[in-house]
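Q: Dropping a structure here in structure tokens format, bear with me for questions.
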Amino acid sequence: MNAPLPIKPPQRPHGLARYWTIYVALWKTSVTRELGFKSNFILWIFVELLWFALQLSFIAVIYSHTDHIRDWTKWEVVLLMGASHFIQQIFLAFFLTNCVQLSELIRTGRLDFMLLLPVNTRFILSLRQVDLGGFVNAASALAVMIYAARQLQLSPGVAEVFGFLLLAGAGVIIHYSLMFLLACISFWTVKAQGFVWGYYNLFNIARLPDSAFRGFFKSFFTFVLPMLLVANVPAKLLVNKLSSPSEMLLLLGMSAACLLVSEIGWRGSVRRYTSASS
């Protein structure tokens, strides 16, 4: 009789495929969690939609007394607010909850277990939970942008849409990098939610036209905390307000710089960490 063939153990994915498998598992866990708290899920979507509607109403009140804010018309500002809300909600869907919870992981010592996992710690800390309501609210922001574009008689082509998504992604990276960097303050102060939520409140600045700012404030919110770049540059691409590609390059460069600074801050913070049992 022939000898039985040896049974090969199943091969585990490596590299990007391994991380993709982990991320899919995290998504499944997040979906299960959201389905377990349906009322909270629906209530949060309603609150975000109401807040967005109130902001749009505020713009309607302002433009009932004027035709322009600098060189921005009513529907251009509405499109800008839609772009800002879209970027904010995508950031909220992927990263906000995870950044906010970092200080609690440090305080309770659960970060010790994260550091022992055979996977990049920042990856698992940043992406372990997904807020599905953020995608619903992002869709509402896109609907507002499409309506505003029709009012402006805009017909963006494939290049403009791809450019907008690329620049919006850079804006999400800026929000994530700066908020994660602020969350790393928890390694020194334990409680850092105040800093994190304080930055979250600055998102309102991204909804304003950059031409409304002058002097120090414009420089600060462009080169230190680049709030004015996050939504203004993608919206300007759609409404044909970009005078040159330099603004797009600046947004992409600032997103790379913010990501690098946050990585340096994260590594320095982890080296300082001595675990909850020390």
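Just so you know, all these numbers are worked out from the coordinates, no wet-lab data involved. Since this is a predicted model, take the numbers as computed values, not measurements. Note that we place each Cβ from the backbone using ideal geometry, even for glycine, and neighbour counts take in every protein chain shown.
Q: Relative contact order (percent) for the chain, with alpha-carbon contacts under 8 angstrom and 6 or more residues of separation?
A: So the answer I get is 25 percent.
Q: Here's a follow-up. Given a Förster radius of 30 Å and the C-beta distance between Phe162 and Lys38 as r, what FRET efficiency does 1/(1 + (r/R0)^6) yield to the nearest 0.05?
A: My answer for the efficiency is 0.25.
Q: How do Thr97, Thr222 rank when sorted from fewest to most other Cβ atoms within 10 Å of their own Cβ?
A: Thr97, Thr222
Q: Sort 27-35, 255-263, 180-188, 115-123 by packing, meaning the average of other beta carbons within 10 Å per residue, with the highest value first.
A: 180-188, 255-263, 27-35, 115-123
Q: Going by how many other Cβ atoms sit within 10 Å of their own, how do Ile87, Ile69 line up, fewest first?
A: Placing the least packed residue first, the sequence is Ile69, Ile87.
Q: Hey, another quick one. Hey, of (i) 18.1; (ii) 13.5; (iii) 21.4, which did the structure itself give for mean projected area of the Cα convex hull in nm² when calculated?
A: (iii)
Q: Also, quick follow-up: Under 30 Å between alpha carbons: how many lysine pairs meet that in the chain, if sequence neighbours fewer than 8 apart on the same chain are excluded?
A: Counting lysine pairs in the chain gives 9.
Q: Can you find, among Ile59, Phe221, Leu182, the residue farthest towards the positive end of the dipole of the chain? Put +1 on the C-beta of Lys and Arg, -1 on that of Asp and Glu.
A: The Cα lying farthest towards the positive end belongs to Leu182.
Q: Find how much the distance from Leu116 to Leu249 grows on full extension, using 0.36 nm per residue of separation minus their present alpha carbon separation; answer in nm with one decimal.
A: 44.0 nm
Q: Run through every distinct alpha carbon pair of region 132-253 and return the Kirkwood hydrodynamic radius in angstroms, one decimal place.
A: It works out to 15.8 Å.
Q: Something else about it: What ranking do Lys74, Lys236, Lys38 get, fewest neighbouring Cβ atoms within 10 angstrom at the top?
A: Listing Lys74, Lys236, Lys38 from fewest to most nearby Cβ atoms yields Lys38, Lys74, Lys236.
Q: Testing the spin-label approximation: label points 7 Å from Cα along Cα→Cβ at Thr73 and Arg271. State their distance in nm.
A: Label at Thr73, label at Arg271, 5.5 nm between them.
Q: Moving on to the next point. Note down the magnitude of the dipole of region 15-272 about its Cα centre, charges +1 on Lys and Arg C-beta and -1 on Asp and Glu C-beta and zero elsewhere, to the nearest 20 debye.
A: Computed about the Cα centre, the dipole is about 600 debye.
Q: Compute the separation of the alpha-carbon centres of region 98-150 and region 235-278 and state it in Å as a whole number.
A: Centre-to-centre distance over Cα atoms comes out at 16 Å.
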